[in-house]
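A quick write-up on the structure given underneath.
Since every read-out is calculated from the coordinates, none of them should be taken as a lab result. As the structure is a prediction and not an experimental result, all values here were calculated from the model. Glycine gets a Cβ as well: all are built from the backbone with ideal geometry, and neighbour counts include every protein chain shown.
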Amino acid sequence: MRVPRIYQPEALETGKKFLLTATTANHLVRVLRLPIGASVKIFNGAGGEFTAKIIAIRKAEVTVEVENYLPGITESPLKICLGQGISRGERMDFVIQKTVELGVTHIVPLITKYCEVKLSDERWEKRLQHWQAVAIAACEQSGRNKLPTIEKPCNLSDWLNQATSELKLVLDPTAQKKLSDIPTPSVASVDLLLGPEGGLDEVEIALATHQGFAALSLGARVLRTETAAMAAVTAMQCRYGDMF
């Protein structure tokens, strides 16, 4: 069986013993049914990971002991900041999950004209915590040792003013350019802008291009926002990152 990977947001060192969070403990013991002596891998998001062993199980509490440090490098050399128009429910979760697996380093949820999600400040904070949990689970599954940053939701114009990557792209199904038309042979960072379910309107695309974003099409077919996010990040990693 594959050794489970778990995220632990604290300093880790060989020989350290500590209790796992209740949620993680429940997953390891009640779902995976791991016994005392079972091995796990632990990472704290700072890079690298440790092997560890379950040394005690008492009701809902699981104690592990940290063993060896593993310096494995799983991060892409390409830094991708995804500006994603906020979609409803599971679609946004899907975008976060899959793009984190594919290696994005920053995700900025954007409030755009066609964004249908309207929440109070308190509920936005809860939604952000939920998205961060989705990203952590994606890192645990995919082998990433560094957590991507998920920013607080902001307005599109505010994010555009802060975009500083070498290459800045906005997806537009009506655009004439494709990725193969971009002359840049290699870049270290990309800002990638996508709209929500209803896409971006003409004014928003014009605002992005005014800020130095190149309008880009992914081909003849119009993709759902969650499909477009996966396709675009994959294309970036294939051309400038570490895929294929």
For this session: Tell me the trypsin sites (Lys or Arg not before Pro) within region 138-185 that lie in a loop according to DSSP and have at most 15 other beta-carbon atoms within 10 Å.
Result: 177, 178
For this session: Rank 141, 162, 132 by mean-square fluctuation in a GNM of the chain with C-alpha springs under 10 angstrom and give only the top-ranked residue.
Result: 162
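For every helix of n ≥ 4 consecutive DSSP H residues, a contribution of -39,500 (n - 2.57) applies; sum these over the chain, divide by its total residues, and give [θ] at 222 nm rounded to the nearest 500 deg cm²/dmol. Don't skip to the end; give the middle numbers.
Numbers: 6 runs with 73 residues, N = 244.
Mean residue ellipticity, 222 nm, calculated: -9500 deg cm²/dmol.
Counting alpha carbon pairs within less than 8 Å and at least 6 residues apart, what relative contact order, in whole percent, applies to the chain?
RCO, the chain: 20 percent.
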Seminar exercise, completed: 1/(1 + (r/R0)^6) with r = Cβ-Cβ of residue 222 and residue 180, R0 = 22 Å, i.e. FRET efficiency to nearest 0.05, evaluates to 0.70
Exercise. What is the fewest-to-most order of 107, 136, 182 by other Cβ atoms lying within 10 Å of their Cβ?
Worked result: 182, 136, 107
Problem set entry | Angle between the chain longest axis and helix 121-142 axis [Cα atoms, degrees, rounded to 10] | 70 degrees
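For the chain, compute Rg over Rh where Rg is the Cα radius of gyration and Rh is the Kirkwood radius from the inverse mean 1/r over Cα pairs. Please report the intermediate quantities before stating the final value.
Values: Rg = 20.0 Å, Rh = 19.4 Å.
My calculation of the ratio gives 1.03.
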Exercise. Could you state the number of Å between the C-alpha centres of region 35-69 and region 186-244?
Worked result: 39 Å
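Would you mind classifying region 151-244 by shape? Square roots of the alpha carbon gyration tensor eigenvalues, ordered a ≥ b ≥ c; an a/c under 1.5 is rounded, otherwise it is prolate if a/b is larger than b/c and oblate if not. Display every interim value, and only then the final one.
Values: a/c = 1.44, a/b = 1.18, b/c = 1.22.
Rounded is the answer for region 151-244, as its axis ratio a/c remains below 1.5.
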